[in-house]
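See below for the structure under consideration.
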Amino acid sequence: MKIIDKLRNLPSTHQILSDGNLSLLIREYGILIVTQSVKTVLSETRDKIKHNNTVTYDNLLKSIKNKILNTMQSSLRPVINLTGTVLHTNLGRAQLPKTAIQAMVDVARDPSSLEYDLDKGKRGDRHKHTEALICRLTGAQAAVVVNNNAAAVLLTLNSLAKRKEVLVSRGELIEIGGAFRMPDIMSQAGCKLVEVGTTNRTHSRDFDTAISSKTALLMKVHTSNFEIKGFTKNVSELKLSSIAHNHNLSLVTDLGSGTLVDLETYGLPHETTVNEALIAGSDIVTFSTDKLLGGPQAGIIAGRTDLVEKIKKNPMMRAVRPDKMSLAALDAVLKLYLNPDRLAEELPTIRLLSRDLLEIKDLAQSLISDLEGYCTGFKVVVAPTHSQVGSGALPTDRLKSYAIKLTKEKHKQSSKSLDKLAKAFRVLPIPVIGRISEDALWFDMRCLDDREHFKENLKGLVIS
Ligand SMILES: *Cc1c(COP(=O)(O)O)cnc(C)c1O
């Protein structure tokens, strides 16, 4: 093996490129990326030699190959979510069912009837594909899909209350995260926010007295990620809608997550369904489709036909319209809701949220010995834990679950080693994401789908 220990022994970029070892990579990725990688690795190697390290030519080539593969690897990659948060916004929220994935592939590969009326042979409407199904599942008169719920709220407010006042309880002036704050959305939509009541208590009479000739809407916002407890009062949708309608105004409800089914059927806590919000008198309901609904990223605006028509005509509609792949996936997910009996089998979100506790425990147990084998110096046990729904749905409810819990064996390692361990899992071919708390690394097994795949992946684990 050729050892390089002096700068003058280091091959030139040209020599490395022309020795044939990289020809396959050049063919696949192109000369530009390969040349750049060779230059970067050579410069790193020069530094090593200056610090009295030696390298072999083989290792030099390996480093170049790794550099090329790293450059070409997307930073947007699949991961294994063992955080215990089922709908994790940072990890892409809902996992799609097979039918939705196939539907996306189909419209991605081929031309489609996205805006083409096959019956009449002329231009069609992209909003027609899902509208009837949404109406059927929610009881709404009309509906339109946009690219997320933030867009749904913005577009609704701008269409129905521009330069007018919108009344919202002070207890519902939420920040969702990622700069989605109700007061800011209001001003971006060109509306004037009128705060009603107090943080913990808002009464019907507060709304009654706040209504003026400039009022366009009353709004109810689902407090997605917190709960106010103690001496509290808020005005129900039913009451709010009667106040709104008595004044000839409309009620808009931002449901946030929104669900189409009674989650109690699947052993989960109750969450207001879109249908319930409409029956309570909301004229428009907006909600996400990648939270509890379990679909692709999109937002739905559902409710009264005249209002939905007005919203559709807003020039901003064009800027927030959904793409064909989201529409295809959404259609496939909504179709699953036509047969609620099989939803827990077919829709990953409901399946994972309603997963049997003993099944999770057995799964954790069955992986203990594998993990012990790889994680020397750490104690590996099955421990009870709690999962959460995530994405602001059911914020204070916790689901009983089991985790694999890794703790340091006494005094053996520095305090940093848990972070290092977590990092080692994150740099696996399929990164595994856990959660550090109480001096332990937790892998909640609720969302682990493919046990064999997980074990295979572990073979790449390097703990330094
Ligand atoms: C999540 C949420 C939003 C934002 O929805 P996205 O689909 O993430 O854009 C808006 N309002 C409420 C109440 C929410 O919970």
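Observations
- Contact map, the range 1-14: residues that are in contact (Cβ under 8 Å) with a residue 60 or more places away in the chain and closer than 14 Å to Glu44 by Cα paired with residues that are surrounded by 10 or more Cβ atoms within 10 Å (Cβ to Cβ) and not aliphatic (A, V, I, L, M), Cβ distance under 9 Å, separation 6+ or inter-chain. No pairs are found.
- Residue among Gly294, Gly299 that is in contact with a Ser or Thr (Cβ under 9 Å, 6 or more places away or on another chain), modelled with pLDDT of 95 or more and on the phi > 0 side of the Ramachandran plot: Gly294
- Looking only at residues in the range 170-191 that are part of a helix (DSSP H, G or I) and more than 15 Å from Asn234 (Cα to Cα), the one that is farthest from the ligand (Cβ to nearest atom) is Ser187.
- Residue match in the range 251-265 (condition: farther than 26 Å from Ser354 by Cα, assigned by TED's automatic domain parsing to the domain that holds Asp306 and away from the ligand (no atom under 13 Å from the Cβ)): yes
- Screening Val153 against (1) among the β-branched types (Val, Ile, Thr); (2) part of a strand (DSSP E or B); (3) closer than 12 Å to Met219 by Cα leaves a single unmet condition, (2).
- With a requirement of 3 or more residues that are of a type in the set (Val, Ile, Thr), the helices (runs of 4 or more DSSP H) lying completely within the range 1-80 that satisfy it span 31-50, 57-72.
- Test: Val221 is among the aliphatic types (A, V, I, L, M), within 16 Å of the ligand (Cβ to nearest atom) and at pLDDT 90 or above: yes
- Residue check, Lys239 under 25 Å from Ala393 (Cβ atoms) and either away from the ligand (no atom under 16 Å from the Cβ) or out of contact with any helix residue (DSSP H, G or I) (no Cβ under 7 Å at 6 or more places or on another chain) (or both): yes
- The one condition from (1) out of contact with any His (no Cβ under 7 Å at 6 or more places or on another chain); (2) farther than 19 Å from Ala132 by Cα that Ile211 does not meet is (1).
- Between Val320, Val285, the distinction of being within 16 Å of the ligand (Cβ to nearest atom) and under 14 Å from Gly258 (Cα atoms) belongs to Val285 only.
- Cβ-Cβ under 6 Å pairs, at least 6 apart or on other chains, the range 253-278 side closer than 14 Å to Asn149 by Cα, far side surrounded by fewer than 24 Cβ atoms within 10 Å (Cβ to Cβ) and acidic (Asp, Glu): Thr259/Glu271
- When residues of the range 77-104 are limited to those that are within 13 Å of the chain's Cα centre (by Cα) and of a type in the set (A, V, I, L, M, F, W, C), the one nearest to Gly30 (Cα to Cα): Val79
- Single match in Val235, Val194 (criterion: assigned to a loop (DSSP other than H, G, I, E, B), crowded, with 16+ Cβ neighbours inside 10 Å and aliphatic (A, V, I, L, M)): Val235
- Selected residue (criterion: farthest from Arg351 (Cα to Cα)) from residues of the range 288-317 that are of a type in the set (Ser, Thr, Tyr) and either assigned to a loop (DSSP other than H, G, I, E, B) or within 16 Å of the ligand (Cβ to nearest atom) (or both): Ser288
The values are calculated or read from the model by the stated rules, or taken from the named source; none is laboratory data. Since this is a predicted model, take the numbers as computed values, not measurements. Cβ atoms come from the backbone with ideal geometry, glycine included; neighbour counts cover every protein chain shown.
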